Amino acid sequence: MKKIATLIAFLALISGCSIKKAAFNSVADLLAPPPSDKPIEGANPMAALTGENDPQLVKEFFPTALKLYEIMHLQNPQHEELAVMTGQLYVMYANAFIQGPAEQLPPEDFTMQEEQYRRAGVFYIRGKDFALKALQKRYKGFTDAVFGLDRDAAQTMLSSCSKKDVPALFWAASGLMGAFSLSPLETSYLELLPGSLAMIERASILDPTYNNGAIWEILAAFYAAAPESLGGGKDKAQQAYTKALEITGGKSPSTHILYARSFCIPAQDGQGFDEHIDKALAINPEDDPDNRLVITIAQRQARWLKEHKADFILE
């Protein structure tokens with residue numbers, strides 16, 4: 001009888017652990033659905049954020065969302081999509097709610113701006129690290145190979161990636177490249193830049209339309225700003241922009257803002273600047289309800305650029 005009682009107690013413990021694990025997996029799948037080529041039944045959980053037209057509401061909620069996802073990841077570290085989604089949220093928060101507003105601070109708030117850029121960099125890197133966890137789990141030695149000095153080994157590793165890896169590749173690369181854009185002289189970022197560029201270029205091949213052309217917008221901005229020694233170039237930037245425009249159909253404000261900032265300002269093309277900013281402002285957020293948040297934030301940036309044109313274009 002004693003042995004039977006011990007066995008029953010053991011089975012109850014195992015069953016309890018299994019139920020708890022199943023519960024965590026169920027919630028994790030809801031918060032970070034696995035990739036699928038088939039339409040997902042039910043609402044996309046991210047639409048509650050991306051479909052919002054009040055950026056302030058989302059900004060105030062975002063820290064809670066970040067910590068919720070991070071707690072879920074700690075409870076279920078083997079859930080790859082949860083790691084990617086956590087990384088994605090950190091990168092989005094850094095870009096939309098820290099770096100973006102900091103760029104619009106007046107010159108006299110230089111110290112505050114630098115502090116906000118530092119915070120954005122921290123969150124960009126945190127996002128990169130979370131997304132990389134999924135790739136490291138899928139491909140042993142991924143991080144060492146991609147960020148190592150042997151570029152052939154990096155390309156071999158990346159050639160193993162498939163379409164399902166695109167979100168992780170995109171957000172890991174976006175995190176590092178976002179941090180690099182704020183601190184281009186930071187040695188640790190420079191060392192990781194070739195691997196990050198290779199990741200997002202690989203993603204552009206595996207799934208060119210991912211995230212409504214965001215891959216090409218990031219590549220266009222990077223190619224336009226970076227010297228050829230780091231992989232940049234005007235021709236490559238123009239090609240990437242053209243690809244982004246093709247995918248978005250000109251219905252994304254960020255594509256037009258990209259052109260104004262990365263092409264018109266360096267060329268001091270005031271007419272082109274006005275034209276593309278006006279195109280960004282002409283887009284109706286209600287035409288794309290799942291992306292109202294992104295459109296609204298982008299158009300706020302476009303209005304600020306329009307108001308401060310004299311700071312960028314000398315006429």
Checklist line | Flag for E286 being within 19 Å of T248 (Cβ to Cβ), at pLDDT below 95 and not small (G, A, S) | finding: yes
Next item on the list: Considering each residue of region 188-203, count those that are over 10 Å from L158 (Cα atoms), surrounded by 21 or more Cβ atoms within 10 Å (Cβ to Cβ) and of a type in the set (G, A, S), and give that number.
Entry: 1
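Just a yes or no: is a residue in region 259-282 closer than 18 Å to M92 by Cα and outside any loop (DSSP other than H, G, I, E, B)?
No - not one qualifying residue is present in region 259-282.
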Note to self: Cβ-Cβ under 6 Å, sequence separation 6+ or interchain: first residue in region 227-246 and surrounded by fewer than 19 Cβ atoms within 10 Å (Cβ to Cβ), partner assigned to a helix (DSSP H, G or I). Which pairs?
What the structure shows: G231/L197; G232/Y223; G233/Y223; K236/Y223
Next item on the list: Tell me, please, whether a residue that is closer than 21 Å to R261 by Cα, touching a residue at least 12 places away in the same chain (Cβ under 8 Å) and surrounded by fewer than 19 Cβ atoms within 10 Å (Cβ to Cβ) can be found in region 163-181.
Entry: no
Check: Among the residues of region 198-205, is any of a type in the set (K, R) and more than 16 Å from K128 (Cβ to Cβ)?
Finding: no
Next item on the list: Output yes when any residue across region 196-205 is among the basic types (K, R) and either within 25 Å of I297 (Cα to Cα) or in the same structural domain as D311 (by TED's automatic domain parsing) (or both), and no when none is.
Entry: no
Next item on the list: Could you figure out which of (1) at pLDDT below 95; (2) part of a helix (DSSP H, G or I); (3) over 23 Å from L82 (Cα atoms) isn't true of I218?
Entry: (1)
Notebook entry, point to check: In this structure, is T255 in contact with a helix residue (DSSP H, G or I) (Cβ under 9 Å, 6 or more places away or on another chain) and more than 22 Å from A225 (Cβ to Cβ)?
Noted result: no
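The values are calculated or read from the model by the stated rules, or taken from the named source; none is laboratory data. As the structure is a prediction and not an experimental result, all values here were calculated from the model. Counting neighbours? That spans all protein chains shown, and the Cβs are built from the backbone with ideal geometry, glycine included.
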